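Let me begin by handing over the structure; questions about it come next.
The values are calculated or read from the model by the stated rules, or taken from the named source; none is laboratory data. Bear in mind the structure is a predicted one, so any value in this text is a computation, not a measurement. Here the Cβ positions follow ideal geometry from the backbone for every residue, glycine too, while neighbour counts run over all protein chains shown. These accessible areas exclude ligands, DNA and RNA; they are computed on the full protein's heavy atoms, side chains included. Shrake-Rupley method; radii C 1.70, N 1.55, O 1.52, S 1.80 Å.
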Amino acid sequence: MSTEPQDASKAKETERQLTMSRAMVEAIATEMRDNDEVFLMGEDIADYGGIFSSTTGLLDEFGRDRVMDVPISETAFIGAAVGAAMSGMRPIAELMFVDFFGVAMDQIYNNMAKNTYMSGGSVSVPMVLMTAVGGTYNDAGQHSQTLYGTFAHLPGMKVVVPSNAYDAKGLMHTAIRDDDPVVFMFHKRLMGLGWMPSPSGPKTGVPMEAYTIPFGQADVKRVGSDVTVVSLGLHVHRALEAAEDLAEDGIEAEVIDLRTLVPLDTETILESVKKTGKLLVVDEDYQSFGVTGEIIARVAEHALDDLKEVRRLAIPDVPIPYARSLEDEINPGTADIAEAIRELHE
């Protein structure tokens, strides 16, 4: 049974392997070379290179006029990015942790997302809001959330969630070139940092040349006929590990990596569910009013006759605990995913 992504042939065109952080930086650097209107701003992105290595090396090449450290005022610098974008530039603003969005909520929700609409289409806001998401490294309730659904809920922003280096580079190129605001959400655990090791899957072959991956195009990471597993980010890798373990027992799970939430590739999910009849949605965001419920609702609306059973795994509605044992308990692991697939298969 194939476990390769649909884009695997392109990734294998080069033997060069990159971590997700290096792939992101490579895409940003290419866009900055090609377009003088692209620049970065954020906290600790210049000399430090981003606390998750999301901008490492860019200061040396482009200097402080285009790679700018800013004061600890998310409202100010995200607002400045919105204004720059409306003026014709293409800023990339890094919100260090997605958890910090609250102090800049007005700039994000009422300006970045809505100004094109509020202006009757007379201005666009071509900017990228890049931010780190996810837990599993014990940084407690104010630095470990995922919050995909929070951003996907409000119209006006595209929401991107790569799970590997190949996708991260292609999606970053697409994001920077897009004329609409894009929220680019990278999982800390996938960046390939020495102090926070990644699973084996995020480091992939990445071509030297620039390439784009269209938004709204999910990737079937593993083909299967028994159960459809839909996920994104870190949990794509956990789902793949669970699927490989279960294959030894004759259970073949199909694993879909959404890659983007807005736009959402509903069609790929429906096609899979029509084949398997069983759906498991796995997410690191909170369960209530979130991504898992939205995906299940779409399947129920468009393929209810094909849907025999459904499950979902997500973070229960509690703050992320600091204690490692408690965080592991609430965050769906490989064993939890495997157990849910078995229950659906029975």
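Just by accessible area at a 1.4 angstrom probe, what is the order of Arg16, Arg311 from largest to smallest?
Of Arg16, Arg311, the descending order of accessible area is Arg311, Arg16.
Skip the ligands, DNA and RNA, and give the accessible area per residue of the chain with a 1.4 Å probe, whole Å².
That works out to 40 Å² for each residue.
Helix 165-177 versus the longest principal axis of the chain: what is the Cα-based angle in degrees, 0 to 90, to the nearest 10?
50
Right, here's the next one. For Gly149, what is the net charge nearby, where nearby means another residue's Cβ is under 10 Å from its Cβ and Lys, Arg count +1, Asp, Glu -1?
Taking every Cβ under 10 Å from that of Gly149, the sum is -3.
Of Thr75, Thr260, which has the most accessible area with a 1.4 Å probe, and how do the rest follow in descending order?
My answer, sorted largest first, is Thr75, Thr260.
Can you pull the one-decimal nm distance between simple spin-label points at Glu346 and Asp69, each 7 Å off the Cα toward Cβ?
Going from the Glu346 label point to the Asp69 one covers 5.6 nm.
Hey, another quick one. Please give the FRET efficiency for Leu326 paired with Trp195, using the beta carbon to beta carbon distance and R0 = 30 Å, rounded to the nearest 0.05.
0.90
Separate question: Report the full-extension gain for the segment Glu248 to Asp306: residue separation times 0.36 nm, less the Cα-Cα distance, to one decimal in nm.
Length gained between Glu248 and Asp306: 18.2 nm.
List the longest stretch of the chain that has no exposed loop site; here a site is one of the chymotrypsin sites (Phe, Trp or Tyr not before Pro) assigned by DSSP to anything other than H, G, I, E or B, with at most 16 other Cβ within 10 Å.
Counting at most 16 other Cβ atoms within 10 Å as exposed, the longest clean stretch of the chain is 49-136.
Moving on. Rounded to the nearest 5, what % of DSSP beta bridges with both residues in region 210-346 are antiparallel?
For region 210-346, the DSSP antiparallel bridge percentage is about 20.
Can I ask one more? Indicate, rounded to the nearest 5 percent, the antiparallel portion of the DSSP beta bridges found entirely in the chain.
The antiparallel fraction comes to roughly 20 percent.
Round to the nearest 10 and report in Å² the accessible area of Thr266, as given by a 1.4 Å probe over the protein chains' heavy atoms.
Approximately 30 Å² for this residue.
How many percent of the alpha carbon pairs in region 253-346 exceed a separation of 22 Å?
Roughly 30 percent, once rounded to a whole number.
Measure nothing but the geometry: give the 0 to 90° angle between the long axis through the Cα atoms of 234-247 and the longest principal axis through the Cα atoms of the chain, rounded to 10°.
20
What part of the accessible area of the chain, given as a whole %, is carbon or sulfur when the probe is 1.4 angstrom?
50
How far is helix 334-345 tilted off the main Cα axis of the chain, in degrees rounded to 10, range 0 to 90?
50
Could I ask something else about it? Roughly speaking, what is the stretch gain from Ser288 to Ser87, that is 0.36 nm per residue apart minus the C-alpha to C-alpha distance, in nm to one decimal?
Gain in length upon complete extension: 68.5 nm.
Sticking with this one: Straight-line reach only, C-alpha to C-alpha below 14 angstrom: list the aspartates and glutamates that Lys158 could link to, leaving out same-chain residues fewer than 8 apart.
Asp178, Asp179, Asp180, Asp265
Give Lys188/Lys274; Lys188/Lys221; Lys221/Lys308 a once-over and call out the pairs whose C-alpha atoms are over 30 Å from each other.
In this structure, Lys188/Lys274 lie more than 30 Å apart at Cα.
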